[in-house]
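Chemist: Quick one: structure below, then a few questions.
The values are calculated or read from the model by the stated rules, or taken from the named source; none is laboratory data. The structure presented is a predicted model; accordingly, all values stated were derived computationally and were not measured. Positions of Cβ are backbone-derived with ideal geometry, glycine not excepted, and every protein chain shown enters the neighbour counts. All accessible areas refer to the heavy atoms of the entire protein, side chains included, with ligands and DNA or RNA removed. Shrake-Rupley method; radii C 1.70, N 1.55, O 1.52, S 1.80 Å.
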Number of protein chains: 2
Amino acid sequence: MDRIDRKLLNLLQHDASRTNVAMADEVGLSPSSCLRRIRRLRRNGVIQRIVAILNPAKTGRVLKALVTVELKLHGEQHMRQFLNLAIGEDAVAQAYAVTGGVDVVLMLQLRDMEEFDALCDRLFRDQTNVARFFTMMVIRTAKNETAVPL
Amino acid sequence: MDRIDRKLLNLLQHDASRTNVAMADEVGLSPSSCLRRIRRLRRNGVIQRIVAILNPAKTGRVLKALVTVELKLHGEQHMRQFLNLAIGEDAVAQAYAVTGGVDVVLMLQLRDMEEFDALCDRLFRDQTNVARFFTMMVIRTAKNETAVPL
DNA sequence: GATGAATGTGCAACAAAATTGCATGAAAGT
DNA sequence: ACTTTCATGCAATTTTGTTGCACATTCATC
């Protein structure tokens, strides 16, 4: 992982649609060397995958919400059970087990409040293991970065 | 945005590294038609960009933390000022202005606790506009999905 | 310092993919 | 029924990805 690798990773993190020859040009390498480096970074698992980032608003997911969840029973199996329930939901974009006053934090991407209502029903209903949940609707997304600083 | 477009978007959301001919094959289209559809989805802004997703652990960012922040002054300019301060930090991966008991939620990706300490100094110090902040360290990431359900 | 293994590099040739122009065919509106 | 619009497939062309090979560089061992 030298300077050139980092440069390649930074380029790929922000725009992986450019061609190999263009990238080789930018880092001052021949296309073949450049390609071999990228393949190695992929084999090593540094590059997990190449994906398209869609505009959520253009696909109807206009609402975001952060929800903190406090469980009734805190055993490992109960935690896992709730997380499995949560990650099975399409609207749950991120799910974390955390330290602090709560047990779980969820990031939701919703079409409308009706979907939120239905989701609360499925995840936070009386029969589930949820003692309390607290919702923070996202007013503004100031930053949402997929790139990792190197 | 018909069935084929959605199929293409789903393929691209999970693996944008496959070739155009492979994708054309999967959706049952000729390569040229497939390419034109993808270009249109990009022009329309449905596809925002193509990026490489790196493994944060392999780049030394092993700690994640969620921080809720309560401001002292709640005016729009104060909010914007704090958000601008936050998004300037490399360790801040996500930053949201939210409703609920707090004003801002940050998602941090940290190398170690020392970096967290230094970051708190810069963002939550006495001279800043922060009344209170509450940290939840991430124990487990159960889900972290870049794809939007269609 | 010399030697040898290991690794990375550029070049050239080849294979494969992206891209474009064009003609055909379907759908929509007049 | 007619025109317009739009998407599609085909074929030709350009561009890119890929591989084998010889050479240079680094590093460790003698």
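Chemist: Does the stretch A:3-43 come out rounded, prolate or oblate by the C-alpha gyration tensor, with a ≥ b ≥ c the root eigenvalues, rounded set by a/c under 1.5 and, if not, prolate when a/b is larger than b/c and oblate if not?
Modeler: rounded
Chemist: Tell me which of A:Ser17, A:Val69, A:Ile139 sits at the most positive position along the dipole axis of chain A, charges placed on C-beta atoms (Lys, Arg +1; Asp, Glu -1).
Modeler: Selected residue: A:Ser17.
Chemist: Please identify the trypsin sites (Lys or Arg not before Pro) of the stretch A:88-132 that satisfy two criteria: DSSP loop assignment and at most 16 other Cβ atoms within 10 Å. Which are they?
Modeler: Of the trypsin sites (Lys or Arg not before Pro), the ones in loops of the stretch A:88-132 whose Cβ has at most 16 other Cβ atoms within 10 Å are A:Arg111, A:Arg125.
Chemist: Follow-up question, since we're still on this one. Between B:Gln127 and A:Lys58, what is the FRET efficiency for a Förster distance of 41 Å, r being their Cβ-Cβ separation, to the nearest 0.05?
Modeler: It comes to 0.50.
Chemist: Output the 0 to 90 degree angle, nearest 10, between the alpha-carbon long axis of helix A:76-87 and the longest principal axis computed from the alpha carbons of chain A.
Modeler: 70 degrees
Chemist: Let me ask something else. From other protein chains only, count the Cβ atoms within 10 Å of every residue's Cβ in B:15-27, then give the mean.
Modeler: Mean shielding count: 1.
Chemist: Let me ask you something else. As an exercise, identify the trypsin sites (Lys or Arg not before Pro) in the stretch A:12-94 lying in DSSP coil whose Cβ has no more than 16 other Cβ atoms within 10 Å.
Modeler: Answer in residue order: A:Arg18, A:Lys72.
Chemist: Give me the percent of accessible area attributable to carbon and sulfur for the protein assembly as shown, probe 1.4 angstrom.
Modeler: Reported share for carbon and sulfur atoms: 49 percent.
Chemist: I would also like to ask the following. Run the numbers on the stretch B:57-88: which residues show a drop of 40 Å² or more in accessible area, chain on its own versus all protein chains together, using a 1.4 Å probe over heavy atoms?
Modeler: Buried-area filter returns B:Lys58, B:Thr59, B:Leu66, B:Ile87.
Chemist: Additional query: Among residues other than A:Ala142 whose Cβ falls under 14 Å from its Cβ, what is the net charge (Lys/Arg +1, Asp/Glu -1)?
Modeler: Counting the neighbours of A:Ala142, the net charge comes to 0.
Chemist: Compute the helix-to-body angle for A:113-124: its Cα long axis versus the longest principal axis of chain A, expressed 0 to 90° and rounded to tens.
Modeler: That helix lies at roughly 70 degrees to the long axis.
Chemist: While we're looking at this one, here's another question. Report Rg (one decimal) and Dmax (nearest whole number) for chain A, counting Cα atoms only, units Å.
Modeler: Just the Cα atoms of chain A yield Rg and Dmax of 20.4, 62 Å.
Chemist: Compute accessible area for the stretch A:31-47 by itself and then with all protein chains, 1.4 Å probe, and report residues whose area falls by 40 Å² or more.
Modeler: Flagged in the stretch A:31-47: A:Val46.
Chemist: How large is the helix-only mean residue ellipticity at 222 nm for chain A, computed as the sum of -39500 (n - 2.57) over DSSP H runs with n ≥ 4, divided by its residue count, in deg cm²/dmol to the nearest 500?
Modeler: That comes out to -11500 deg cm²/dmol.
Chemist: Rounded, prolate or oblate for the stretch A:35-92? Axes are the square roots of the Cα gyration tensor eigenvalues, ordered a ≥ b ≥ c, and the cut-off for rounded is a/c under 1.5.
Modeler: Taking the square roots of the gyration eigenvalues as a ≥ b ≥ c, the stretch A:35-92 is oblate.
Chemist: Still on this structure, please answer the following. At the nearest 100 Å², what buried accessible area, both sides summed, do you get for B and A when the probe is 1.4 Å?
Modeler: It comes to approximately 5800 Å² buried between B and A.
Chemist: Which far-off residues, 5 or more places away or on another chain, put their amide H under 5 Å from the one on B:Met136, with H placed in the peptide plane?
Modeler: B:Leu66, B:Val67, B:Thr68
Chemist: With the other protein chains left in place, how much accessible area per residue, in square angstrom, belongs to chain A at a 1.4 angstrom probe?
Modeler: Averaged over the residues of chain A, the accessible area is 49 Å².
Chemist: In debye, nearest 20: dipole of the stretch A:26-140 around its Cα centre with unit charges on the Cβ of K, R (+) and D, E (-)?
Modeler: 1000 debye
Chemist: By how many degrees, between 0 and 90 and to the nearest 10, does the Cα long axis of helix A:31-43 differ from the longest principal axis of chain A?
Modeler: Roughly 30 degrees, rounded to the nearest 10.
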